[in-house]
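As structure tokens, the structure follows; a few thoughts come after it.
Coordinate-derived values only; no laboratory data. It should be emphasised that the depicted structure is a prediction, and the values quoted were computed from it without experimental measurement. Because the Cβ atoms are built from the backbone with ideal geometry, glycine has one as well, and the counts that use them run over all protein chains shown.
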Amino acid sequence: MVHHNRKVLILLSVVALLLLVGGAALAQDKQEMRLVWWGSQNRHDRTIAVVEMYEAAHPEVDIVYEFANFNDYWTLMNTQAAGGELACVMQHDYAYLSEWARNGLLQPLDPFIESGILDTTNIDDVFLQGGRVDGQLYGLSLGTNTQSMILDLDAFEAAGVELPAADWTWDDFDAIALELHEKLGTWAYGSPTLGDDQIWTAMMVSLGTNPFSADNTDFGYTDDQPIIDHFNRLLRLQEAGAIMTPEEASQYSGGPENSPIVAGSAAMQYQWSNQVVAIFAAAGAERHFKLWTMPRPADAVGAANYLKPSLFFSITADCAMPEVAADLINFFTNSPEANDILAAERGVPVSSVIREHLLPSLDASGAETFSFLEMVAQDASPIFPPNPPGYNDLRNNVWTPLFHDPVLYGQISVEEGVAIFRSEGQAILSGN
């Protein structure tokens, strides 16, 4: 369902009333600009409050807003794009940004940075990379996310195992996992997610290649040995009892309160940084967790971590008030008062000043996430292009059922699984 503010719902009534009382000229004193976004009710409430704060400071501007859930939002946006009726400012997603920019539906934000309307002084360039298409900035990230390894500090201390270096490798992970298991008698790592497709893409990034070719019709690499080595490692660690088998992992299905690291039966767990709050909360304040970087292959040329924008604000190509639109985006990005309301709901803010401003108000998990993003930003690899068409098919119908599960259940060899993944994956990608 798409929601409109009252200005939209009673627009005809307002116009009629203004005509009756001779107030049409007064209505024209305000500049009307549209803003659209998707999200939860929590996001809607916070965003509307910031819009009203902006309007109070800019009485000449009237923001007409619409919001919806994710699926309804993109149906609405595609309909409005086809009819030439897009809002001036739209919330955008990394998966679609390049397509919209190349189709001429968005305008670059660089001129507004050059003019000073959009202030990126306190934004490190690594936080801007995901919003660039063909060298120009088409989206300003409203929040940032990255992959992480959650470490149970109490478990590491009890085992007498030192924390890994920030640039640790999968070989280091192997040794640490075996030592933790030997010393603690528990799993070193819980859940089967070390074979997740997003671990695979992170490995490719750290090796200096993209998972997919530039035209999205094939894989972006030819050497499958890193994946073969990784899954052979997982099988060895399963056999040693250091990580869970898929059968063992099934008993921990459900929400974060059921995860092995919360239960104290594992010392490490993979998680996206914007999802760790639930893990910390379920474990309780008496537990001590730390977010850490992802391991990388021994021959990696860079970090396995990259910074992924949670979402963007973009200005559409036909916006009649681009300077006002840019100023609104700047308000969301750089206003401390606005961000007190937004409370990093869209992700860790990209402005270092805003992050520092919000730190005193954060709980332990929030502060840990902010600190972790600061650390990752110092060494992050460039983000790879958005996933190609057919990626969901590749993941859901090839990676998991034909490769990941049969290999980890011992039904086929790693080499057989990788060959199936490449063959079936190429068949899907070749249709792009």
Checklist entry - Taking neighbour Cβ counts within 10 Å as the exposure measure, how do 259, 371, 361 sort from fewest upward? => result 361, 371, 259
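Taking Rh as the Kirkwood radius, which is the inverse of the mean 1/r over Cα pairs, what is the Rg/Rh value for the stretch 99-216?
Working: Rg = 20.6 Å, Rh = 18.3 Å.
Taking Rh as the inverse mean 1/r over Cα pairs, Rg/Rh reads 1.13.
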Item to check | Largest to smallest principal axis extent of the C-alpha atoms in the stretch 169-316, angstrom | outcome: 47, 41, 25
Checklist outcome for this item: For the chain, the Kirkwood Rh over every pair of distinct alpha carbons, in Å, works out to 23.7
Checklist entry - Under a Cβ-Cβ cut-off of 11 Å, what is the net charge of the residues other than residue 39 that fall near it, where Lys and Arg count +1 and Asp and Glu count -1? => result +1
Next on the checklist: Give me, ordered by chain and number, the residues 5 or more places off residue 34 or on other chains with an amide H under 5 Å from its own placed amide H.
Outcome noted: 64, 88, 89
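So what is the orientation-averaged projected area of the stretch 290-432, using the convex hull of its C-alpha atoms, in nm²?
On the way: hull surface 52.6 nm².
Convex hull of Cα atoms, orientation-averaged projection: 13.1 nm².
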Next on the checklist: Less than 14 Å Cβ to Cβ from residue 265, Lys/Arg counted +1 and Asp/Glu -1: what total charge do the surrounding residues give?
Outcome noted: -3
Item to check | For residue 348, residues with placed amide H under 5 Å, excluding near neighbours | outcome: 144
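Using +1 on the beta carbon of Lys and Arg, -1 on that of Asp and Glu, and nothing else charged, what's the dipole of the chain about the Cα centre, debye to 20?
Working: 19 positive and 57 negative charges, 173 e Å.
In total the dipole reaches around 840 debye.
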Item to check | ³J(HN,Hα) computed for each position of the stretch 392-407 - Karplus, 6.51 cos²θ - 1.76 cosθ + 1.60, integer Hz, glycine/proline x | outcome: 4, 4, 4, 6, 7, 10, 10, 3, 6, x, 9, 10, 4, 5, x, 5
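Please quote Rg/Rh for the stretch 281-322 to two decimal places, taking the Kirkwood radius as Rh and restricting both calculations to Cα atoms. Before the final figure, lay out the partial values.
Values: Rg = 19.9 Å, Rh = 15.6 Å.
With Rg and the Kirkwood Rh in hand, the quotient comes to 1.28.
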Checklist outcome for this item: Distance in Å, no decimals, from the C-alpha centre of the stretch 43-81 to the one of the stretch 241-272 is 39
Checklist outcome for this item: Between residue 218 and residues 5 or more places away or on another chain, the pairs with built amide H atoms under 5 Å apart involve 213
Checklist entry - Just going by the charge dipole of the stretch 352-403, with Lys and Arg at +1 and Asp and Glu at -1 on Cβ, which of 361, 386, 397 is farthest out on the positive end? => result 397
Checklist outcome for this item: Distribution output for the stretch 51-107: share of Cα-Cα pairs per 5 Å bin in percent, first bin at 0, values 4, 15, 25, 22, 14, 13, 6, 0
Checklist entry - Which net charge results when you count Lys and Arg as +1 and Asp and Glu as -1 among the other residues whose beta-carbon is under 14 Å from that of residue 149? => result -4
Checklist entry - For the stretch 337-394, with equal point scatterers placed on the C-alpha atoms only and solvent neglected, what are the log10 I(q)/I(0) values from the Debye formula at q = 0.28 1/Å, to two decimals? => result -1.17
Checklist entry - Which value in Å is the Kirkwood Rh of the stretch 114-177 over different Cα pairs? => result 15.6
